[in-house]
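Values quoted throughout were computed directly from the atomic coordinates according to the rules given, and no laboratory measurement underlies them. Here the structure is a predicted model, which means the values were calculated and not measured. Cβ placement follows ideal geometry from the backbone for every residue including glycine, while neighbour counts extend to all protein chains displayed.
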Amino acid sequence: MQLGDPSLHFWLTRSVGRVMGVNFTKEMANQRLTAEDYADLVTECQGCPLVRSCQGWLSSQLQVTRCAPPGCRNSSVLERLARPH
């Protein structure tokens, strides 16, 4: 499997998290996410063929949502982190 640009997918992962109300820094500080888990999210995103779809989804979001973009490989983790705790 060929992986996409690490920088692009880092920012896509962060952006999707932000739209979902997830602050990765706080999640790591609260031990709900490890640095390795975070790196795994970015790596998983790198293998996703839905980059343009994800970018379109991000540009259409006008408010915080608790649902990941359709087809997101990281949806289960992101949606878990987006739930109030």
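Remarks
- Neighbours of residue 85, meaning other residues whose beta-carbon lies under 13 angstrom from its beta-carbon, give a summed charge of +3 when Lys and Arg score +1 and Asp and Glu score -1.
- Taking the C-alpha atoms of the chain, convex hull volume expressed per residue in Å³: 85 Å³
- Cβ-based exposure ranking for 9, 85, in which fewest neighbours within 10 Å come first: 85, 9
- Counting neighbouring beta carbons within 10 Å and listing from fewest to most, the residues 67, 45, 54 come out as 67, 54, 45.
- With neighbours defined as other Cβ atoms within 10 Å of a residue's Cβ, the residues 65, 13, 34 order from fewest to most as 34, 65, 13.
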